[in-house]
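The values are calculated or read from the model by the stated rules, or taken from the named source; none is laboratory data. Model, not experiment: these values are computed from the prediction. Here the Cβ is made from the backbone with ideal geometry for all residues, glycine too, and neighbour counts use every protein chain on show. Only protein heavy atoms, including side chains, enter the accessible area calculation; ligands, DNA and RNA are left aside. Shrake-Rupley method; radii C 1.70, N 1.55, O 1.52, S 1.80 Å.
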Amino acid sequence: MTTHTAPDATATVAAYDLRAVREQWGDLLAAIGRPPRAEWPPRDSRALGAVAEETDEPAVGRLPLVLREHPAPLNLTALDAAVSIEQALFESCDAIATAVQRPVRRHLVGRPTPEATYVRWAEDQADRDDPARWHLPTHSASVTARAASPGSRAYGLHWAACWLEGRALGEQSGDLFTPLSPPVIDDLAAVARRARTRVETALGRDGRPTVLDWPCPYCAGQLTAHTRSGDPMAATVVCSTGEACPAPVLLDRGRRVWVGADLVGLYVALESMQR
């Protein structure tokens, strides 16, 4: 039976950041196979919404990045970010499982005989295979620095983020876990925040304003693009001229602002101006 203990504010923020990482993970994996965009808006209008390209292979649930070879990626920044984030979350899962997860129960098996007693300790299979349990990677003495079995890492970052979110929120599965101590919660929150920052920076969703190379096609004022963390469709472009700009978009606090479908119109106008 799964129960919950009330999470504190730090744990709640950590869970929120972990959720943001896994919700954007597919976009980051898709970005590895695309050339990075050095400008905004991009030359290809299809990229305005940062929509992942169609692929025959699902982006979520593939073999973890740290366990597979990488063909020549088109976006090294995205690949480096993905590998770093995945490794950080896996290591956090391993550390937290070691600290708060109950070892697999063991019981005696065998039977006594007149000559000797054949008994041994064996793992409880049902307890070992509990789906809530995080399995650590195992290592072979004959294979240096490489895991003989990846354990739960084989399920990828999405599962790791879900598992960590459960620990942050105090989800319980019988007596499998003990609550996280405040220092462990603080460490997890720091890992989650760094991971979210890294994925959103790699995807250009970290909220930093970008001054565009082109002036406003309607008044020649300076255009500045803004992104909102985690939401590619919430990007906006603002003209510096103010109310005097005749652009056919809404005024927001005295400035002309392009958002949503208006961005496509702005892109077309900029292309026309350059031609």
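Can you tell me the accessible area per residue over segment 174-223, all protein chains present, probe 1.4 angstrom, in square angstrom?
Working: 2570 Å² over 50 residues.
About 51 Å² of surface per residue is accessible.
In a shell of Cβ-Cβ distance under 12 Å around ARG196, excluding ARG196 itself, what net charge do Lys and Arg (+1) and Asp and Glu (-1) give?
Values: positive: ARG19, ARG22, ARG193, ARG194, ARG198, ARG205; negative: ASP17, GLU23, GLU200, ASP206.
Residues near ARG196 contribute +2 overall.
At a 1.4 Å probe radius, carbon and sulfur cover how many percent of the accessible area of segment 149-210?
Values: 1510 of 2640 Å².
Answer for segment 149-210: carbon and sulfur cover 57 percent of the accessible area.
Starting from the amide H of ARG256, placed 1.01 Å from N in the peptide plane, find each other amide H under 5 Å away whose residue is 5 or more places distant or on another chain.
It is CYS239, GLY242, by chain and number.
Which whole number of Å³ per residue matches the convex hull of the alpha-carbon atoms in segment 150-212?
Numbers: hull volume 7.1 nm³, N = 63.
Taking only Cα atoms, segment 150-212 has a hull volume of 113 Å³ per residue.
Would you mind working out the magnitude of the charge dipole of segment 154-215 relative to its Cα centre, with +1 at each Lys and Arg C-beta and -1 at each Asp and Glu C-beta, to the nearest 20 Debye? Walk me through the numbers before you get to the answer.
Values: 7 positive and 8 negative charges, 43 e Å.
With Lys and Arg at +1 and Asp and Glu at -1, about 200 debye.
Over the heavy atoms of THR201, what accessible area does a 1.4 Å probe trace out, to the nearest 10 Å²?
Roughly 60 Å² of THR201 is accessible to a 1.4 Å probe.
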